[in-house]
1. Keeping all protein chains in place, calculate the accessible area per residue for region 142-232 (probe 1.4 angstrom), answer in Å².
2. Can you list the residues, at least 5 places off or on another chain, whose amide H is less than 5 Å from the amide H of Ser175, using H built in the peptide plane?
3. If you wrap a convex hull around the C-alpha atoms of region 122-233 and split its volume per residue, what is the figure in Å³?
4. Measure off 7 Å from each Cα along the Cα-to-Cβ vector at Leu216 and Gln191, then give the distance between these two points in nanometres to one decimal.
5. Which net charge results for the neighbourhood of Leu54, defined as the other residues with beta-carbon distances under 13 angstrom from its beta-carbon, given Lys and Arg at +1 and Asp and Glu at -1?
6. Given a 1.4 Å probe and the protein chains all in place, what does the accessible area of Arg143 round to, in Å² to the nearest 10?
7. How much of the accessible area of region 1-67, in percent, comes from carbon and sulfur atoms when a 1.4 Å probe is used?
8. If you project the alpha carbons of region 13-75 onto their three principal axes, what span does each projection cover, largest first, in Å?
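The values are calculated or read from the model by the stated rules, or taken from the named source; none is laboratory data. Here the structure is a predicted model, which is why all the values come from computation and not from measurement. Cβ placement follows ideal geometry from the backbone for every residue including glycine, while neighbour counts extend to all protein chains displayed. Surface accessibility is based on the protein's heavy atoms, side chains included, excluding ligands, DNA and RNA. Shrake-Rupley method; radii C 1.70, N 1.55, O 1.52, S 1.80 Å.
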Amino acid sequence: MSLLIVGGTGTLGRQIVLQALTKGYKVRCLVRNLRKANFLKEWGVELVYGDLNLPETIPPCLYGITAIIDASASRPNELGALKKVDWEGKLALIQAAEIAKIEQFIFCSTLNVEYLSDIPLMKMKQGIEINLKKSKVNYTIFRLSGFYQGLIEQYAIPVLEDLPIWITNENVRVSYIDTQDIAKFCIRTLQLPKTKNKTFFLGGPKGWLSSDIINLCEQLAGQSAQVKKIPIAVLKLSARFLSYFDWGQNISDRLSFVEILSVENNFSKS
């Protein structure tokens, strides 16, 4: 079986690549920058140029491919790519998979997207789930919570280097999970026919607040954190203001994630 992994250079994607190689799969990665992805080539991955921003580059990448694993997402510093990558690009990928008669399409989504349709990215993810289910391709959808790996840069390093940590008075509990565990689920799915056309929810055993993580980091580091709080109202006002301008629309879409923080949420349940 040969796999095309989209988002192979990302935090989750590279773990999926490693797991697939460990299990003996032939792995191809769709990448925009061959130089930055050279480490994947050193692992034994076949690199092909492709860009979800450019749908015409997708079909050639699928030649000889059995299954697709999509772990991609536009980066926070690529504000203009949000709609093109996470909506138009992924729709093009699904359409190309149908034409190429791909046997299985594994899509990494997010927990609770159906309750967060006011957030553009969440609405897009839910729309991709719907379109994938309507397609002729066998699918498996994993709805994921936060990644443990992201906590290192967000909390641990600032505590160790005495840098400020910016938080809100949120009520969101997140059941963080190791990306290595997610990768194992993705690859194991390829061997289990019963997982086709199913949706699974993946998260850790405990829901964490930001304050819980900071307290733990302080205990482990033996020093106090510089915690700075920003009112949710300020973020909401900023998002609303920026939405009035074409140049600020993408920034506003990112800031709309504040809606998650303004209500009682539990990303350890679904």
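1. 56
2. Gly146, Gly204, Trp208, Phe267, Ser268
3. 124
4. In this crude spin-label approximation the distance works out to 2.9 nm.
5. Charge balance near Leu54 sits at -1.
6. Counting only protein heavy atoms, Arg143 exposes about 20 Å² to solvent.
7. The nonpolar share, carbon plus sulfur, comes to 51 percent.
8. 31, 25, 18
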